[in-house]
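The values are calculated or read from the model by the stated rules, or taken from the named source; none is laboratory data. Predicted, not measured: the structure shown is a model, and the values here were computed from it. Cβ coordinates were reconstructed from backbone atoms using ideal geometry, including for glycine residues, and neighbour counts include every protein chain displayed. Ligands, DNA and RNA are excluded from the accessible area calculation, which covers all protein heavy atoms including side chains. Shrake-Rupley method; radii C 1.70, N 1.55, O 1.52, S 1.80 Å.
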Amino acid sequence: MTISQLLRNLTTIISPFAILITVTGVVRSQTPAVSCPNSALTRFVKHTATTGETVAQIAQRYKISPATVIVMNPKLRNGKISNGQEILIPPYDGIVVEVGRGQTWRDIAKKYQVRADVLFELNGCQAPSDIAFIPTAKKSTRTQSHTPVAAAPTPSKFSRYPLVTTTPATIALAYGWQTHPRTREVFFHSGIDLLAMVDTPVQSVADGVVAYAGEQGSYGKLVIINHGNGLQTRYAHLGKIKVTQGQQIQAGSQIGLVGTSGEPTGKEPHLHFEVRENTGLGWAAKEPREYF
Ligand SMILES: [Zn+2]
């Protein structure tokens, strides 16, 4: 069976998705946001089955549930897999659904009991298009709790403030759903914008290891620090970076200077500061203010 035959046999809810995959292989993004992981819809892979393989084995190999394998490949419901059969494997447990006209991520989130920001990120950080990937793996997405399934990080408070200043900075743009100051479009702001003069020193909020230090799209000059326990912080739009990837740093270590690199949301110079937790669905942005 060819992949196109297989796709034709998918249920109607995922057929638009199938067409996208078949025709373009990539779901086009209209307004890709800063350092967003590629949409889950573009990260499906095709597994070519071998004789004797079972759904359970395939599921285990790709770390998804057998139910997901069957949902994405309804032909497998009878339990028979033929040699050379192509099987669609999503990057996570989940389903693909059609999006109603004018529906927002918040509408979809409510319907499927998944956090809107998770949906937003998993679907390429853009407004919903015709179809969406809805994750089903995480219990926490249903309960809206902050506890990921495995290796729950303890949301400990940071010992330092990201800017070396005597008083906390003014927040030019808060975390969460915001109206973009320039485009007036509602978008998900994954961090907080802390107003600061250009060249204000930026410091790590906790001990950690530099996971990334360099230019990254609209983030501009960006430093990413992993703090362990599934916790990460990001410092964007820097004017100067003073650390290198792999470097061990302490809380309060200077990592760079405030700048205006990349595509800052507002005109005034600021540090775009993010806190992310490793949720098993990637690094999910959290409300930074909860950590101070
Ligand atoms: Zn920002």
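Structure values in brief
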{"read-out": "Tail beyond 26 Å, pair distance distribution of the range 171-291 (Cα, percent)", "value": "13 percent"}
{"read-out": "Assigned charges on the beta-carbon of Lys, Arg, Asp, Glu; the range 171-291 dipole about Cα centre (debye)", "value": "140 debye"}
{"read-out": "Rounded percent of accessible protein surface that carbon and sulfur make up, the range 171-291, 1.4 Å probe", "value": "47 percent"}
{"read-out": "Interchain or long-range residues, amide H under 5 Å from GLN203's placed H", "value": "LEU163, VAL164, ILE255"}
{"read-out": "Proximal lysines relative to LYS110, as straight alpha-carbon distance under 28 Å, when same-chain residues fewer than 8 apart are discounted", "value": "LYS63, LYS138, LYS139, LYS286"}
{"read-out": "By average C-beta atoms within 10 angstrom, highest first, the peptides 219-225, 123-129", "value": "219-225, 123-129"}
{"read-out": "Aspartates and glutamates whose Cα lies under 13 Å from that of LYS157, excluding same-chain neighbours fewer than 8 positions away", "value": "ASP207, GLU287, GLU290"}
{"read-out": "Cross-link partners of LYS80 among aspartates and glutamates (Cα-Cα below 16 Å; sequence separation of 8 or more within a chain)", "value": "GLU53"}
{"read-out": "Accessible area expressed per residue, the range 208-261, with surrounding protein chains retained (probe 1.4 Å, Å²)", "value": "38 Å²"}
{"read-out": "Gap separating the Cα centres of the range 59-93 and the range 189-217, nearest whole Å", "value": "41 Å"}
